[in-house]
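S.K.: This is the structure, below, for whatever I ask next.
The values are calculated or read from the model by the stated rules, or taken from the named source; none is laboratory data. What you are looking at is a predicted structure, and each value in this text was computed from that prediction instead of being measured. Note: ideal-geometry Cβ built from the backbone for every residue, glycine included; neighbour counts use all protein chains shown.
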Amino acid sequence: DLAYIVADADDRVVIVDDVLLPLWQKVLPLLTTPPRTIVLPFTGQPVAAGWESYEEFIAKDATTYVYPEQDENEAMGMCYTSGTTGRPKGVVYSHRSMVLHAITNCLPDCLALSAHDSVLAVTPMFHANSWAMPFSATMVGAKQVLPGPHLGADDLLELMQDEAVSLALGVPTIWMMILQALESAKRPWRLKPHMRMMVGGAAVPQSLIAGFDKFDLHIKHGWGMTELSPVGTLAWLKPEHEALPLAAQQQIRARQGIALPLVELRIVDEAGRELPWDGTTVGELQARGPWVTGAYHGLPADPGSFSGDGWLRTGDVASIDPEGYMKIADRSKDLIKSGGEWISSVDLENAVMGHPAVAEAAVIAVKHPKWDERPLAVVVVKPGKEVSAAELRAHLAKSFAKWQLPDDYAFVEVLPRTSTGKFQKTKLRSQFTDYVSLTPS
Ligand code: AMP
């Protein structure tokens, strides 16, 4: 995939951390036009002979730079989609789209970013522009804290404490790990009160929001895609929600949220007809706006991805309520169809993760002779805790109809993750292809 991306993007210069050189040496022979390689001494060791060092590279050059006049619609950067099916696809951002995206993210009800913030983006730079932080945080003059190679809970907590981080960003798997470390109270962490965390890239369970609220740390749930630069929605409370009980507020905050200004959303049925915003009807989610891509780099506009009238087909299935809060039911490929009825894997996994003994969970479809598909919950139990399949089923029975309840539970040590830290459902599905569902026919 790396060789494909470098060739597809026509990269001329590649900057590589020295720790990644062994990987890069495997990529180079696959390229017909190898780019110039510049090596960053990440480990602090001198750069190995035969490689161009970053420090020498910048020392040779002028310390001033005159920016050329550029059209705002010219390309300013690219990211590649994570490509869980097929090849990664390139998304090109323009100066205009990135500036508008960067400004909007700073608005008070969005991330309320200011020069007073200390920002820690745990999201890597290759994952959808590190969620705009290189641009938004730089624009307002916020302090930026970059994580090193160690992304364990204690490493990140130490960084947040020492650098008085007031806004941190990352995928839910990171925050599940951090919450467990806080709850275990092995070390008395002193984090900045009211620290905000923008969490997205995958659904945020309500239990995670409630868990952090107890520590006076505030999760803001967001939904986005590489194709949207990435931020499309953020879940913030409206003034009329302020008087609601905490649990009701947390339920609203667990939705994916309201479209950012300038972003439009709609849900449509299979024939492309627009569906109502009633909070229950689910359909394919489509988006358009100044930072929503209209094409993939070097590819013809495919009707599977673009509606033809300006809307991006996101591949997500969602509902939108009358107040404009969007809720993702699934990736369309992850939906479980049991006896002709759809079951949302996202709702089930969030509920399983709400059980106090569960560290992480993912729900996938497995084959069933009568019902076609049934949900299988793949569960990681917290260290030192125990829970049975029957207990999990009883826990879910409080909030799901009987036919939606998984009879099947697999207990594993770890869940496979993508390069961006999300649960890798394609890998889980291939791990469990031969699994036979226990649901009676
Ligand atoms: P990527 O471009 O790799 O960030 O992947 C984008 C996809 O991640 C979206 O189309 C969604 O399927 C998923 N995603 C992103 N944010 C969320 C969220 N808050 N809840 C559920 N799924 C999400």
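S.K.: Counting only residues that are away from the ligand (no atom under 16 Å from the Cβ) and in a loop (DSSP other than H, G, I, E, B), which one in the range 400-425 is farthest from residue 336 (Cα to Cα)? Please lay out each step first, then the result.
M.R.: Initial filter on the range 400-425 (away from the ligand (no atom under 16 Å from the Cβ)): 400-414.
Cutting the leftovers down to in a loop (DSSP other than H, G, I, E, B) gives us 400-401, 405-407, 412-414.
Details: 400: 15, 401: 15, 405: 12, 406: 11, 407: 14, 412: 21, 413: 24, 414: 22 Å.
Here the answer is 413.
S.K.: Can you tell me which residues in the range 180-227 are outside any helix (DSSP H, G or I), within 16 Å of the ligand (Cβ to nearest atom) and among the aromatic types (Phe, Trp, Tyr)?
M.R.: Selection gives 223 alone.
S.K.: A follow-up question, please. Only one of these conditions is not met by residue 233: (1) more than 16 Å from the ligand (Cβ to nearest atom); (2) assigned to a strand (DSSP E or B); (3) of a type in the set (S, T, N, Q). Which number is it?
M.R.: Among (1) more than 16 Å from the ligand (Cβ to nearest atom); (2) assigned to a strand (DSSP E or B); (3) of a type in the set (S, T, N, Q), the lone unmet condition for residue 233 is (1).
S.K.: Determine which single condition residue 439 fails, assuming it passes every other condition in (1) closer than 26 Å to residue 183 by Cα; (2) among the β-branched types (Val, Ile, Thr); (3) in a loop (DSSP other than H, G, I, E, B); (4) touching a His at 6+ places or on another chain (Cβ under 8 Å).
M.R.: Tallying (1) closer than 26 Å to residue 183 by Cα; (2) among the β-branched types (Val, Ile, Thr); (3) in a loop (DSSP other than H, G, I, E, B); (4) touching a His at 6+ places or on another chain (Cβ under 8 Å), residue 439 fails exactly one: (1).
S.K.: From (1) touching a helix residue (DSSP H, G or I) at 6+ places or on another chain (Cβ under 6 Å); (2) crowded, with 18+ Cβ neighbours inside 10 Å, pick out the condition that doesn't hold for residue 416.
M.R.: (2)
S.K.: Now a separate question. Scan the range 39-56 residue by residue and report those that are among the aromatic types (Phe, Trp, Tyr) and more than 22 Å from residue 148 (Cα to Cα).
M.R.: Hit for the range 39-56 is 51, nothing else.
S.K.: Can you name every residue in the range 40-80 that is within 30 Å of residue 295 (Cα to Cα), modelled with pLDDT of 90 or more and among the hydroxyl-bearing types (Ser, Thr, Tyr)?
M.R.: 80
S.K.: If you go through the range 329-352, how many residues are more than 29 Å from residue 241 (Cβ to Cβ) and part of a loop (DSSP other than H, G, I, E, B)?
M.R.: 3
S.K.: Assess whether residue 348 counts as being within 16 Å of the ligand (Cβ to nearest atom) and within 21 Å of residue 439 (Cα to Cα).
M.R.: Against the criterion (within 16 Å of the ligand (Cβ to nearest atom) and within 21 Å of residue 439 (Cα to Cα)), residue 348 qualifies.
S.K.: Does any residue in the range 9-34 that is surrounded by fewer than 16 Cβ atoms within 10 Å (Cβ to Cβ) come within less than 6 Å, Cβ to Cβ, of a residue that is charged (D, E, K, R) six or more places away or on a different chain, and which pairs are these?
M.R.: Final answer for the pair search is 13/36.
S.K.: Mind checking which residues of the range 426-441 are away from the ligand (no atom under 16 Å from the Cβ) and among the aliphatic types (A, V, I, L, M)?
M.R.: If the condition is that a residue be away from the ligand (no atom under 16 Å from the Cβ) and among the aliphatic types (A, V, I, L, M), then 436, 438 are the ones that fit.
S.K.: Next question, about the same structure. Exactly one of these conditions fails for residue 396: (1) more than 21 Å from residue 280 (Cα to Cα); (2) modelled with pLDDT of 95 or more; (3) away from the ligand (no atom under 16 Å from the Cβ). Give me its number.
M.R.: Unmet condition: (1).
S.K.: What are the pairs with Cβ atoms under 6 angstrom where one residue, in the range 183-206, is closer than 20 Å to residue 166 by Cα and the other, located anywhere, is surrounded by 12 or more Cβ atoms within 10 Å (Cβ to Cβ) and hydroxyl-bearing (Ser, Thr, Tyr)? Sequence gap at least six, or different chains.
M.R.: Listed pairs, sorted by first residue: 192/166; 195/166.
S.K.: Here's something else I'd like to know. So which residues in the range 119-151 are hydroxyl-bearing (Ser, Thr, Tyr) and touching a residue at least 60 places away in the same chain (Cβ under 8 Å)?
M.R.: Start the filter on the range 119-151 by keeping residues that are hydroxyl-bearing (Ser, Thr, Tyr), which leaves 123, 130, 136, 138.
Correct list: 123 only.
S.K.: So, one more: How many of the residues in the range 238-250 are within 23 Å of residue 176 (Cα to Cα) and either touching a Lys or Arg at 6+ places or on another chain (Cβ under 9 Å) or away from the ligand (no atom under 16 Å from the Cβ) (or both)?
M.R.: Residues meeting the conditions: 4.
S.K.: Additional query: When the range 125-138 is examined, which residues are found to be at negative phi, at pLDDT 95 or above and crowded, with 16+ Cβ neighbours inside 10 Å?
M.R.: 133, 134, 135, 136, 137
S.K.: Please work out if residue 100 is more than 20 Å from the chain's Cα centre (by Cα) and in contact (Cβ under 8 Å) with a residue 60 or more places away in the chain.
M.R.: Yes; evaluated as a whole, the condition is true for this residue.
S.K.: Within the range 335-380, restricting attention to residues that are among the hydroxyl-bearing types (Ser, Thr, Tyr) and surrounded by 22 or more Cβ atoms within 10 Å (Cβ to Cβ), which residue is farthest from the chain's Cα centre (by Cα)?
M.R.: 344
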